Amino acid sequence: MKHLLCFCLILFIFKGYSQEGEVPKKFVLDATPFYGSIVLHNPDISHLITEHPRGIILGLSKKRYGHEDWEADLGYPDTGFTFVYQDMNNATLGEHFGLYAHYNFYFLKRNLQLRIGQGVAYNTNPYDKNNNFRNNAYGTHLLASTVVLLNYHKENLFKGMGVKAGLTLIHYSNANFRAPNTSTNTMAFNVGLTYNLDGGKTYDYIEPKAKEKITEPIRYNLVLRSGVNESDVINSGQYGFWILSAYADKRLGGRSAIQFGVDAFFSNFLKELIRFQSISFPELNVDSDTDFKRVGLFVGHELFVNKLSIETQLGYYVYYPFDFEGRVYNRIGLKRYFGGKIFGAITLKSHGAKAEALEFGIGVRL
């Protein structure tokens, strides 16, 4: 059944790609078994690290040759989809089935491939207070997931067949949508095969044309973000939050911009956490009237890729009446522009490796 599911998924993805009208149409399939270990990033999951997880990674990538400006600027990366099946080899943790959108970036004369994929995974055995109380890693079936592969990659060695081998990192987390959410990181070795669907035809890369230097004045952005999350206290309840962000950005060139701004956080789960700690843990000296709001200043960077961009930010709370995970926070995510001013965003806000929330936002760049 698992192999049939994988086969059907590949056919579905390939069909969707084959309908695109871009030329040349060159696609590469890869199949990469892996075997590794769960990284002990938090002592709370030490009881779950008992065996070595294993699985298989299937990918379908479209080669890019510079027909769009961004392709040459980023070294002609591939775009595509990845499917991951992972057996955690632990009955408490269950199995994962994940689907990701990915980019393949190339280095060292295109012999070194870095794949970065972001998507959603389904876990077969999340936390249940009656039947699976030991699983404090995943509180939900659906998880946000990231896959990173760093591989020696050589295509078309014989009639379209090639090889790849290297390291894999797979992260699973529900971004505190529901507790528990300790999350897991798998570090693994992988060895696999690639196959060019056209049998190994070669195409020339288009040299980038000389472009005028992009100069823009400082732009001002307003973003409203929202979502649902829960504190680490199991069954404390899910609460909505909203965040208002204002920042300025300055383009450094065709692909990058730096940012400086302010966030105002209205996280309602903190109201319940403050109430809970003030009653249940008097030794913490938490006043039930403590303000749940926070204000932070941040610096950031935006990498523009066609209508998409990758955003990273590092912030510090300047108004911080209640201590929750420390004053430093970070944010990473994707933005999609609709025209020149309006954009949507999906970002993950964390404190180091500890996720607080998955944020859905809409904004304007003036």
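The values are calculated or read from the model by the stated rules, or taken from the named source; none is laboratory data. Owing to the predicted nature of the structure, the values given are computational and were not obtained by experimental measurement. Note that each Cβ is placed from the backbone with ideal geometry, even for glycine, and that neighbours are counted across all protein chains shown.
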It is to be established whether one or more residues within the stretch 197-217 are in contact (Cβ under 8 Å) with a residue 40 or more places away in the chain, assigned to a strand (DSSP E or B), of a type outside the set (S, T, N, Q) and surrounded by 14 or more Cβ atoms within 10 Å (Cβ to Cβ). no
What about Tyr329, is it closer than 28 Å to Val364 by Cβ, out of contact with any His (no Cβ under 6 Å at 6 or more places or on another chain) and not polar (S, T, N, Q)? no
Which residue, of Gly361, Gly326, Gly344, Gly300, is crowded, with 17+ Cβ neighbours inside 10 Å and closer than 22 Å to Gly240 by Cα? Gly361
In the stretch 253-281, what residues are of a type in the set (Val, Ile, Thr) and either assigned to a loop (DSSP other than H, G, I, E, B) or closer than 20 Å to Tyr220 by Cβ (or both)? Ile258, Val262
Condition first: among the aromatic types (Phe, Trp, Tyr), outside any strand (DSSP E or B) and over 29 Å from Tyr76 (Cα atoms). Can you find one or more residues in the stretch 290-305 that meet it? yes
Hey, among the residues in the stretch 123-142 that are in contact (Cβ under 8 Å) with a residue 60 or more places away in the chain and either β-branched (Val, Ile, Thr) or under 18 Å from Gly98 (Cβ atoms) (or both), which one's surrounded by the most Cβ atoms within 10 Å (Cβ to Cβ)? Ala137
Residues (part of a strand (DSSP E or B) and either buried (at least 22 other Cβ atoms within 10 Å of the Cβ) or hydroxyl-bearing (Ser, Thr, Tyr) (or both)) located in the stretch 171-189: Tyr172, Ser173, Thr184, Thr186, Ala188
Report, by residue number, each residue of the stretch 27-78 that is over 24 Å from Ala353 (Cβ atoms), hydrophobic (A, V, I, L, M, F, W, C) and touching a Lys or Arg at 6+ places or on another chain (Cβ under 8 Å). Phe27, Val28, Trp70, Leu74
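Results for (1) at pLDDT 95 or above; (2) out of contact with any Gly (no Cβ under 6 Å at 6 or more places or on another chain); (3) not assigned by TED's automatic domain parsing to the domain that holds Tyr320, shown as yes or no for each residue.
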| site | (1), (2), (3) |
| --- | --- |
| Tyr239 | yes, yes, no |
| Ser256 | no, yes, no |
| Asp263 | yes, no, no |
| Leu270 | yes, yes, no |
Cβ-Cβ under 8 Å, sequence separation 6+ or interchain: first residue in the stretch 314-336 and on the phi > 0 side of the Ramachandran plot and part of a loop (DSSP other than H, G, I, E, B), partner surrounded by 19 or more Cβ atoms within 10 Å (Cβ to Cβ) and aliphatic (A, V, I, L, M). Which pairs? none
Out of all the residues in the stretch 241-257, is one or more under 25 Å from Leu224 (Cβ atoms), touching a helix residue (DSSP H, G or I) at 6+ places or on another chain (Cβ under 8 Å) and not small (Gly, Ala, Ser)? yes
Of all residues in the stretch 143-170 being aliphatic (A, V, I, L, M), more than 21 Å from His41 (Cα to Cα) and touching a residue at least 12 places away in the same chain (Cβ under 8 Å), the one that is surrounded by the most Cβ atoms within 10 Å (Cβ to Cβ): Val163
